[in-house]
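Read through the structure below, which is laid out as structure tokens, and then see the notes.
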Amino acid sequence: MSKRLELVFGDITKERTDAIVNSANETLLGGGGVDGAIHRAAGLELIIECKTLSGCKPGDAKISKGYLLLAKHVIHTVGPRWNGGKHNEKNILKSCYSRCFDVAIENGLTSISFPAISCGVFGFPTDNAVEIAVQEIKHAMSRSPQIELVRVVVQDFLVWRAYCAAFGTPSNILSFAAAKFRLSETILEL
């Protein structure tokens, strides 16, 4: 079985993986950034279902249907707000990735797309967040035979550069422009 880890420049709401991950707030009822975009693209039914999920604690994950999205499911996770790094933020972020994979496996999913969790308004330093994300994704892929494709979807050059550094791939503006044109770069094939 072939496994792929891809870095993509694009819109996570357009992903066709089994699930996309929503970097949500604790209510799961929408917000700004990725969270708001996913709720708008999925339609009103997503809010209705999320009201039945009773929120989500930081570091945990819950699943819903994808409704009008191309992905069949949305895995909602609540990343930590950066508060100087002295409030267990790193472990909470690790748990976000780990729990997303747990939920995917429990639901028989084989492909998943992640945004850069906590890198936006939650203020987690990008380089640190990306290092944690790559470590947790690689670990989960190695221990989870059913996960065939993991895609990291970014919309920002600085996040792109951080992921390229973590993956050990070129991060110059030409590679970014090529990725924008191609939409995808396979980082790891197992």
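The table below gives the values:
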item: Some residue of segment 113-123 being in a strand (DSSP E or B) and within 14 Å of the chain's Cα centre (by Cα); result: yes
item: Residue count for segment 132-165, restricted to those that are open to solvent by less than 40 Å² (accessible area, probe 1.4 Å) and of a type outside the set (Ser, Thr, Tyr); result: 17
item: Criterion violated by ASP102 - all others in (1) open to solvent by 10 Å² or more (accessible area, probe 1.4 Å); (2) at pLDDT below 95; (3) not aliphatic (A, V, I, L, M) satisfied; result: (2)
item: Unmet requirement for ASN88, which otherwise passes all of (1) modelled with pLDDT under 95; (2) open to solvent by 60 Å² or more (accessible area, probe 1.4 Å); (3) over 19 Å from ILE112 (Cα atoms); result: (1)
item: Residue in segment 3-25 that is free of Cβ contacts under 8 Å to residues at least 40 places away in the same chain, polar (S, T, N, Q) and over 19 Å from VAL152 (Cα atoms) present; result: no
item: Residue list for segment 117-131, restricted to those being at negative phi and either modelled with pLDDT of 95 or more or open to solvent by less than 10 Å² (accessible area, probe 1.4 Å) (or both); result: ILE117, PHE124, PRO125, THR126, ASP127, ASN128, ALA129, VAL130, GLU131
item: Matching option when the condition is in contact with a strand residue (DSSP E or B) (Cβ under 8 Å, 6 or more places away or on another chain), among the β-branched types (Val, Ile, Thr) and over 20 Å from ASN107 (Cβ atoms), among ILE92, ILE63; result: ILE92
item: Among (1) within 20 Å of ILE12 (Cβ to Cβ); (2) open to solvent by 10 Å² or more (accessible area, probe 1.4 Å); (3) of a type in the set (Gly, Ala, Ser), the one test that SER95 misses; result: (1)
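The values are calculated or read from the model by the stated rules, or taken from the named source; none is laboratory data. Predicted, not measured: the structure shown is a model, and the values here were computed from it. Here the Cβ is made from the backbone with ideal geometry for all residues, glycine too, and neighbour counts use every protein chain on show. Remember, those area values only see protein heavy atoms, side chains included, never the ligands or the DNA or RNA. Shrake-Rupley method; radii C 1.70, N 1.55, O 1.52, S 1.80 Å.
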